Amino acid sequence: MHTERVGVETVSKPSGIPVFPPHGDPSGDCVLARLLARDPARAAMDWPRGFEGGIAHRLDVSTSGALLVADDPTELQRIRVAFADRSLRKTYRLLAARPVPWDDNVCRADLAHDRRKKGRMVVRRGASTPHRGRWYPARTAFRRVRGDLWEAVMSTGVMHQIRAHAAFVGIPLLGDRRYGGGSTPDEAPPGVTFFLHHVGFVGPGIETAAVALPPWAV
């Protein structure tokens, strides 16, 4: 994992490993285990539950890219406030499973948990859209970089926001079976199920250091 210390630390997460230990395997490979192996002192700090090691946010297993890690609990709280007030602008790159005739689109659609399928989000299509729990406001701007390579920018941070919104506007992520992106191509890089990379985010006093783009996202 590439890292750079800038008051907080930016870790470059590879595709194929989870941020936290896999379910059913507390000793399994993950970003947290690698972080604590390199910096054992982090294990003794009083981190809130779900933010162990100072890891400030999550990325899906298949998603690569910039992961922000706080140096101490005080810094973590500052980052959490920035997430909560939506002052961070987050940028991703993705490969779409199908072409569309347009180059720009903005999706403003609330998201909620699927009533029937655990681990899946649904887009609010109307007042009677089946869902579970509350609706979360979400906005994602999409811009074509070239061909099937897209950039997605958001300031909200709902679970699976980019995946669900991309499918809703007609550009599901290549290999994202859960949201209509079809099978993962045989030539996909190791660890990649669907093609999504977190470039990083910028906000008041907070910015992820640059991490290398995977070849498919250049």
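Derivation of every value follows stated rules applied to the coordinates shown; laboratory data play no part. Computed from a predicted model, the values in this text were never measured in an experiment. Positions of Cβ are generated from backbone atoms using ideal geometry, with glycine treated the same way; all protein chains shown enter the neighbour counts.
Which count do you get for residues in region 85-104 that are in contact (Cβ under 8 Å) with a residue 60 or more places away in the chain and surrounded by fewer than 16 Cβ atoms within 10 Å (Cβ to Cβ)?
Counting residues in region 85-104 that are in contact (Cβ under 8 Å) with a residue 60 or more places away in the chain and surrounded by fewer than 16 Cβ atoms within 10 Å (Cβ to Cβ) gives 5.
What are the residue pairs meeting all of these: first residue in region 22-37, first residue over 14 Å from E52 (Cα atoms), second residue surrounded by 17 or more Cβ atoms within 10 Å (Cβ to Cβ), Cβ atoms under 6 Å, and 6 or more apart or on different chains?
Every condition considered, the pairs that remain are D29/I17.
Pairs needed: first member in region 134-161, within 11 Å of L94 (Cβ to Cβ) and free of Cβ contacts under 8 Å to residues at least 40 places away in the same chain; second member anywhere, part of a loop (DSSP other than H, G, I, E, B) and polar (S, T, N, Q); C-beta distance under 9 Å; at least 6 residues apart or different chains.
T140/T156
Of the residues in region 176-212, how many are assigned to a loop (DSSP other than H, G, I, E, B) and in contact with a strand residue (DSSP E or B) (Cβ under 6 Å, 6 or more places away or on another chain)?
6
Kindly indicate whether G157 is touching a helix residue (DSSP H, G or I) at 6+ places or on another chain (Cβ under 9 Å) and under 20 Å from G181 (Cα atoms).
In short, no.
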